[in-house]
Amino acid sequence: MLDIFKSNAFTLRSLTAAVNERPFVPGRLGSMGLFTNSGINTTTIAIENIKGTLRLIDTTKRGGPGVQHTPDKRKMRNLNAVHIQPDDHINADEVQNVREFGQDNQAKSLQSEVMSRFDSMNADIDATMEHLRMGAIKGELLDADGSTVIYDLFTEFNVTALADVDFTLGTDTTNIKALCNTIVRGMTDELGASPMTRVYALCGDDFYDELSTHPEVKAAYARQQDGAFLREGGAVYESFTYGNITWENYRGAVNGTPFIPTADCRFFPVGVQGLFQNWFAPADYNETVNTRGLPRYAKLIPDNNDKGASLEAQTNPLPICTRPRTLRRGFTSN
């Protein structure tokens, strides 16, 4: 193999640059631009929160002492970025016919094979990142098994989730608009002075189908010029707006398990500054210590016996919602 795996094309810098420049195929949450992505030079993120409260002040006598002001309380939380690293290996025999022995001019073909491997690893990272972002939307980051809790954001921020809302979409007389008002008012109250542009809802298949065909919703759209959208039952994996909420049929699953259960819906506000954050910590390599983290890293490590090379791709993210009480779950029980 000569030093083919030790050429400039396969350095950490070159591979990482190539991986980060390749077309990113995100899930829906990634493509929405909901999260603010930032690199950090540590593996721990310290989040400081000052919760302002409004108080009614008792009247006092003129010329006398006033009511003692209580300053807002500060709280600091330290959260660690998660480490995601798929590995692969290329044996010398697998690229035996890429070039003639002793010739170095076929490195490009070998580089294509290496990048093909990284593409496959990247696809797994993409799915994992979408899973983590979905956890931030739900307020609970879960590991790949779907049950191991990485971070419960409600616990970390010492708050309780707002009550789930049953839309009972199987009942024709359900007042959908009133339930929408409950969702919007609850988020507005939680945000306080922070403005939002709209409330968004990502729906499982059954929830979306029943909502888009509910008599109240169809009647409302029948009075509008774009009523054809819902007269046909709602377009699969598309969106519509009703009750000041944008409803979208979410598409996302791994191995047949949907990220949003079919009868569920997840609500979150859009356009709130700093609400959804995603930090990237540096890789765990000597050359990346105390450097600002990148979204992806890639590295190729030649075997000691010169019979192949190991491939590593990694990301070290922490996607969270900084105000988890703005998040809410809806579902339909029939």
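The values are calculated or read from the model by the stated rules, or taken from the named source; none is laboratory data. From a predicted model like this one, the values you see are computed outputs, not experimental measurements. Because the Cβ atoms are built from the backbone with ideal geometry, glycine has one as well, and the counts that use them run over all protein chains shown. What goes into the accessible areas is simple: the full protein's heavy atoms, side chains included, and nothing from ligands, DNA or RNA. Shrake-Rupley method; radii C 1.70, N 1.55, O 1.52, S 1.80 Å.
One table, with the values for the structure above:
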{"item": "Condition check for Leu294: farther than 20 Å from Thr197 by Cα and part of a strand (DSSP E or B)", "result": "no"}
{"item": "Every residue from the stretch 277-300 that is exposed (fewer than 15 other Cβ atoms within 10 Å of the Cβ) and under 23 Å from Asp119 (Cα atoms)", "result": "Asp284, Tyr285"}
{"item": "Residue count, the stretch 232-245 (criterion: open to solvent by 50 Å² or more (accessible area, probe 1.4 Å) and modelled with pLDDT of 80 or more)", "result": "4"}
{"item": "Residues within the stretch 34-61 that are at pLDDT 90 or above and open to solvent by less than 60 Å² (accessible area, probe 1.4 Å), tallied", "result": "4"}
{"item": "The stretch 170-185, subset in contact (Cβ under 8 Å) with a residue 24 or more places away in the chain and more than 13 Å from Gly243 (Cβ to Cβ), residue most open to solvent (accessible area, probe 1.4 Å)", "result": "Asp172"}
{"item": "Single unsatisfied condition, Ser147 versus (1) surrounded by 14 or more Cβ atoms within 10 Å (Cβ to Cβ); (2) part of a loop (DSSP other than H, G, I, E, B); (3) of a type in the set (Gly, Ala, Ser)", "result": "(1)"}
{"item": "Verdict on Asp72 being among the charged types (D, E, K, R), modelled with pLDDT under 90, part of a loop (DSSP other than H, G, I, E, B) and touching a strand residue (DSSP E or B) at 6+ places or on another chain (Cβ under 7 Å)", "result": "yes"}
{"item": "Residues (closer than 19 Å to Leu79 by Cα, over 17 Å from the mean Cα position of the chain (by Cα) and of a type in the set (Asp, Glu)) located in the stretch 132-175", "result": "Glu156"}
{"item": "In the stretch 249-262, residue modelled with the lowest pLDDT [restricted to those that are open to solvent by less than 30 Å² (accessible area, probe 1.4 Å) and in contact with an Asp or Glu (Cβ under 8 Å, 6 or more places away or on another chain)]", "result": "Gly252"}
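The rows are residues; the columns are (1) in contact with a strand residue (DSSP E or B) (Cβ under 9 Å, 6 or more places away or on another chain); (2) open to solvent by less than 70 Å² (accessible area, probe 1.4 Å); (3) modelled with pLDDT of 90 or more; (4) not in a strand (DSSP E or B).
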residue: Pro195; (1), (2), (3), (4): no, no, yes, yes
residue: Phe207; (1), (2), (3), (4): yes, yes, yes, yes
residue: Val217; (1), (2), (3), (4): yes, yes, yes, yes
residue: Asp226; (1), (2), (3), (4): yes, no, no, yes
residue: Leu230; (1), (2), (3), (4): yes, yes, no, yes
residue: Trp247; (1), (2), (3), (4): yes, yes, yes, no
residue: Phe267; (1), (2), (3), (4): yes, yes, yes, no
